[in-house]
Amino acid sequence: MAGQPGEVVTEGAPVLDRGPARRQVGDGGARPEEIAPGVYRVETGHGLTEANVYLVRSGPGWVLIDTAWPGRGHLIRAAAGSLFGAGTRPDAILLTHIHPDHAGSARELARLWDLPVHVHPAELPLASGRYLPQYANPLDRWLIAPLLALMPRRAVAASVSRSSLEGTAVPFDPAAGVPGLPDWQAVPTPGHTPGHVAFFRSKDRVLITGDAVLTVNINSVPDLLTGKHRVAGPPYISTWNWPAAKESVAALAGLKPDVLACGHGRPMTGARAAAGLASVCARLSQQAPARRSRAGRATTAERAREPGGRPRRPAQISFGATAEEQAMPLPGDDLVPSPIAQTTHAVTINAPPQQVWPWLVQIGHGRAGFYSDSKFWDRCVDWYYRRLSHHQAGKAPVGYHVATDDRIVAAWQSPQVGDIIADGPPGTACYVVRQAEPGKSFVLFTDTHLRYLVPARLRGSPRLGISGELSADYLLTEPQPGTTRLIRRMRLRCGPQPFQAYAVPIVLIWGEAITARNLLRGVKRRAEATGQQNARGANMPDTNSRHAADGSRNRPEGDSGAAGPVHPGGPGRARPVREFRMSSADRVGNAVFSVLARAGIGPTHLLTTRGRKTGRPRTNPVILVQQEQQRWLVAPYGAVSWVLNARAAGRVTLRRGRDRQDYAIRELPPAEAGPTLKRYIRIAPATRPYFQASKDAPAADFTAEADRHPVFELTPIGEGQR
């Protein structure tokens with residue numbers, strides 16, 4: 001349907017034109033727009049930052065309704081000056097509610113004009129600017145509160161003092177009339193906030209709604225992206241009480257306004273404005289309220305069902321698992337019967353289940369860790385653990401601790417149902433063993449992990465009702481003799497619903513896509529290395545070893561309590577070896593260390609070799625082993641390109657800062673290279689996963705694998721030799 005001149009039709013209702021007929025005023029570009037006799041709208045932003053301010057003429061004076069975001073005071077003053085004269089001052093400042101996008105500039109303008117700010121009495125507690133759990137909306141609970149918990153207390157206090165309206169906001173009685181507007185009435189519309197209020201002029205049916213009703217659907221991403229304007233309810237993410245908000249929409253629909261002036265979106269006029277509001281009211285009234293627990297929150301089981309009562313299919317992610325493995329039942333599935341998310345990972349290991357089981361059952365904090373073999377991952381977990389234990393009074397922060405991840409510890413080989421496996425500092429997250437069948441299945445369950453994803457101030461809040469259950473099931477099968485198929489399944493259930501939106505992505509990305517997959521790869525590397533050592537005549541540990549004398553399973557009792565594959569240099573020293581593959585992260589790291597070497601920062605040198613075929617210079621950051629005046633160059637990743645280039649040329653160039661030196665090289669035989677390799681992994685710990693010998697192993701262990709890590713002795717080349 002076409003609209004009248006000066007109108008744009010959107011969703012069947014006329015919307016005031018945004019054409020060039022309106023004049024711009026002020027250097028800030030504020031545009032007063034008369035939407036009804038004596039009622040002017042000032043648009044203070046665009047897109048999601050758009051918030052409407054209304055200037056209402058009343059006799060010889062005028063009243064300001066809402067003040068937009070902080071820092072918009074100059075726009076409002078410029079707009080008012082263009083309408084009512086320079087230096088004008090309103091008779092009153094009214095707020096529909098106290099949210100930053102409507103009350104942000106109230107403090108600034110109230111001080112400038114020496115006026116109070118009038119709010120509904122029920123809104124007055126929000127004037128403090130502090131986080132009040134009893135009035136918090138989903139945005140407050142799941143974003144603002146966690147951010148405040150992470151911020152320094154002084155910064156939080158400074159922010160509160162800047163936004164506080166205490167001493168400035170004063171209550172007014174809606175039944176006694178609207179301050180400064182005798183022709184208007186205040187309509188209480190609680191829901192979006194406890195004291196939200198709308199303003200209605202009955203003689204021409206003009207309704208200023210604040211955020212009780214909008215003409216842009218902030219709850220719809222497609223509508224936001226396309227810029228569609230239509231009558232919609234309040235934004236759910238920032239609404240305090242949704243049932244009360246729906247009742248307020250019904251109350252406004254009963255007024256049948258001819259002009260709908262909202263806090264966000266263009267004003268809507270004409271008979272169909274009332275029809276659009278009635279339509280929204282009807283849609284909201286048809287939403288069936290969720291059945292609620294005694295605490296007032298919908299239960300997790302009810303949220304896991306579709307309206308028809310059928311269980312909702314959980315979000316499923318899989319890495320390496322076949323369709324049959326994803327569908328098959330696993331031991332432990334019954335621990336989380338109605339999951340909202342489920343993952344199934346699988347890996348094929350070239351070792352029998354009896355060699356995989358010992359590595360799998362010793363995972364956990366303070367034990368073998370989770371086999372990440374990544375220094376970066378370990379540092380991230382260490383930081384997180386220290387944050388968890390930071391607030392424990394009288395105790396030092398506890399970081400991520402791995403007792404040993406390169407040996408099989410006999411004390412950890414007999415898990416029993418009910419055993420506790422830590423996954424954090426004492427008193428925080430942990431797993432409980434629910435099933436342990438050696439060589440076949442290992443089932444863990446936890447109801448402690450998820451609440452540690454939020455700050456300590458929010459974990460125990462009965463109002464938030466944060467809960468979560470997670471199971472981790474491991475199944476070992478032997479599809480062929482000497483081969484293990486290790487399948488891992490995670491099932492997750494948590495609530496309330498806003499917490500699901502926050503927690504599930506963290507679990508799926510950090511916990512499953514990264515941690516769980518690294519764990520399976522780590523078990524695979526170690527089990528296959530065990531098999532290789534057994535092929536050379538090594539003995540497997542006694543997996544039937546019972547508990548230590550004191551019943552401890554959380555730490556090895558020295559070397560006497562540990563067993564492992566036999567290394568040529570001695571028993572109990574073998575460790576799985578990671579195969580080097582250049583990744584994008586490695587390339588970024590090399591680029592960073594190359595810059596540091598050129599600047600002379602840190603221990604890194606920049607190695608230059610000439611390409612064997614092209615003759616072009618190739619550079620790599622390296623760390624040298626130095627003893628007095630002697631230097632050695634180590635290739636921890638084996639015969640990579642620079643090693644082949646150096647062997648072919650017989651010389652290399654090293655640079656650090658402004659120092660540059662050419663060296664002749666001599667490749668050391670294994671007997672000479674062993675002690676150098678032992679010193680190298682102490683100064684370059686990031687390379688330890690690529691060595692079979694541990695850092696405390698004797699030099700003979702490094703000699704045994706020296707053929708996989710070339711070592712070059714460096715001799716400076718004088719000016720006459722170049």
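The values are calculated or read from the model by the stated rules, or taken from the named source; none is laboratory data. This structure is a prediction, so every number in the text was calculated from the model and none was measured. Every residue, glycine among them, receives a Cβ derived from its backbone with ideal geometry; neighbour counts consider all protein chains shown.
Could you pull out the residue among Thr676, Thr653 that is in the same structural domain as Ala635 (by TED's automatic domain parsing) and in contact with a Phe, Trp or Tyr (Cβ under 6 Å, 6 or more places away or on another chain)?
Numbers: Thr653 fails: in contact with a Phe, Trp or Tyr (Cβ under 6 Å, 6 or more places away or on another chain).
None of the others qualify; the one that does is Thr676.
Any residue at all in region 374-386 that is under 24 Å from Leu470 (Cα atoms), in the same structural domain as Asn518 (by TED's automatic domain parsing) and assigned to a loop (DSSP other than H, G, I, E, B)? Among the residues of region 374-386, not one is under 24 Å from Leu470 (Cα atoms), in the same structural domain as Asn518 (by TED's automatic domain parsing) and assigned to a loop (DSSP other than H, G, I, E, B), which makes the answer no.
For Ser467, state whether it is among the polar types (S, T, N, Q), under 19 Å from the mean Cα position of the chain (by Cα) and surrounded by fewer than 19 Cβ atoms within 10 Å (Cβ to Cβ).
Considered against the rule, which asks whether it is among the polar types (S, T, N, Q), under 19 Å from the mean Cα position of the chain (by Cα) and surrounded by fewer than 19 Cβ atoms within 10 Å (Cβ to Cβ), Ser467 comes out as yes.
Could you go through region 398-412 and let me know if any residue there is surrounded by fewer than 18 Cβ atoms within 10 Å (Cβ to Cβ) and either acidic (Asp, Glu) or touching a Cys at 6+ places or on another chain (Cβ under 7 Å) (or both). Checking region 398-412: not a single residue is surrounded by fewer than 18 Cβ atoms within 10 Å (Cβ to Cβ) and either acidic (Asp, Glu) or touching a Cys at 6+ places or on another chain (Cβ under 7 Å) (or both).
Set side by side, the residues Ser461, Ser414 differ, and just one is farther than 20 Å from Arg489 by Cα, outside any strand (DSSP E or B) and either aromatic (Phe, Trp, Tyr) or at pLDDT 85 or above (or both), which is Ser414.
Of note, Phe499 satisfies the criterion of being in a helix (DSSP H, G or I), buried (at least 22 other Cβ atoms within 10 Å of the Cβ) and not charged (D, E, K, R). Annotation: Leu55 fulfils all but one of (1) on the phi < 0 side of the Ramachandran plot; (2) surrounded by 15 or more Cβ atoms within 10 Å (Cβ to Cβ); (3) at pLDDT below 95; (4) not charged (D, E, K, R); the unmet one is (3). Checked against (1) buried (at least 20 other Cβ atoms within 10 Å of the Cβ); (2) under 23 Å from Arg57 (Cβ atoms), Val231 passes all but a single condition, namely (2). If only residues of region 703-722 that are assigned to a helix (DSSP H, G or I) and not aliphatic (A, V, I, L, M) are counted, the one that is surrounded by the most Cβ atoms within 10 Å (Cβ to Cβ) is Thr703. Just a yes or no: is a residue in region 123-140 surrounded by fewer than 15 Cβ atoms within 10 Å (Cβ to Cβ), under 16 Å from Trp240 (Cα atoms) and without any contact (Cβ under 8 Å) to a residue 12 or more places away in the chain? Scanning region 123-140, I find at least one residue that is surrounded by fewer than 15 Cβ atoms within 10 Å (Cβ to Cβ), under 16 Å from Trp240 (Cα atoms) and without any contact (Cβ under 8 Å) to a residue 12 or more places away in the chain, so the answer is yes.
Taking every residue in region 31-43 that is among the hydroxyl-bearing types (Ser, Thr, Tyr) and pairing it with any residue that is outside any strand (DSSP E or B), at least 6 positions away or on another chain, the pairs with Cβ-Cβ distances below 7 Å are Tyr40/Leu83.
Across region 672-692, what is the number of residues that are without any contact (Cβ under 8 Å) to a residue 12 or more places away in the chain and surrounded by 22 or more Cβ atoms within 10 Å (Cβ to Cβ)? Result for region 672-692: 0.
Within region 686-702, identify whether any single residue is outside the structural domain of Arg525 (by TED's automatic domain parsing), part of a loop (DSSP other than H, G, I, E, B), at pLDDT below 95 and touching a Leu at 6+ places or on another chain (Cβ under 6 Å), and answer yes or no. No, region 686-702 contains no residue that is outside the structural domain of Arg525 (by TED's automatic domain parsing), part of a loop (DSSP other than H, G, I, E, B), at pLDDT below 95 and touching a Leu at 6+ places or on another chain (Cβ under 6 Å). Does Asp114 satisfy being in contact (Cβ under 8 Å) with a residue 24 or more places away in the chain, of a type in the set (D, E, K, R) and either assigned by TED's automatic domain parsing to the domain that holds Glu33 or crowded, with 18+ Cβ neighbours inside 10 Å (or both)? In short, no.
Of all residues in region 628-641, exactly one satisfies the criterion of being among the aromatic types (Phe, Trp, Tyr) and either surrounded by fewer than 20 Cβ atoms within 10 Å (Cβ to Cβ) or assigned to a loop (DSSP other than H, G, I, E, B) (or both), namely Tyr637. The single condition from (1) touching a residue at least 60 places away in the same chain (Cβ under 8 Å); (2) surrounded by 20 or more Cβ atoms within 10 Å (Cβ to Cβ); (3) within 30 Å of Thr404 (Cα to Cα); (4) not β-branched (Val, Ile, Thr) that Ala646 fails is (3).
When Thr96 is tested against (1) part of a loop (DSSP other than H, G, I, E, B); (2) over 38 Å from the mean Cα position of the chain (by Cα); (3) buried (at least 21 other Cβ atoms within 10 Å of the Cβ), only condition (2) is not met.
Taking the condition of being polar (S, T, N, Q) and in a strand (DSSP E or B), how many residues in region 48-71 meet it? Steps first, please.
Taking region 48-71 as the starting set, the residues that turn out to be polar (S, T, N, Q) are 49, 52, 58, 67.
Right, trim to in a strand (DSSP E or B) and you get 52, 58.
Number of matching residues: 2.
Kindly indicate whether any position in region 419-435 is surrounded by fewer than 18 Cβ atoms within 10 Å (Cβ to Cβ), basic (Lys, Arg), in the same structural domain as Ala472 (by TED's automatic domain parsing) and outside any loop (DSSP other than H, G, I, E, B). The answer is no, given that none of the residues of region 419-435 is surrounded by fewer than 18 Cβ atoms within 10 Å (Cβ to Cβ), basic (Lys, Arg), in the same structural domain as Ala472 (by TED's automatic domain parsing) and outside any loop (DSSP other than H, G, I, E, B). Residue count for region 335-351 satisfying the condition of being crowded, with 22+ Cβ neighbours inside 10 Å, within 17 Å of Glu325 (Cα to Cα) and over 26 Å from the mean Cα position of the chain (by Cα): 1.
Only residues that are among the polar types (S, T, N, Q), closer than 19 Å to His449 by Cβ and crowded, with 19+ Cβ neighbours inside 10 Å were counted across region 516-534, and they come to 0. Scanning region 188-218 for residues that are aliphatic (A, V, I, L, M), crowded, with 21+ Cβ neighbours inside 10 Å and more than 22 Å from Gly129 (Cα to Cα) yields Val206, Leu207, Ile208, Val213, Leu214, Val216.
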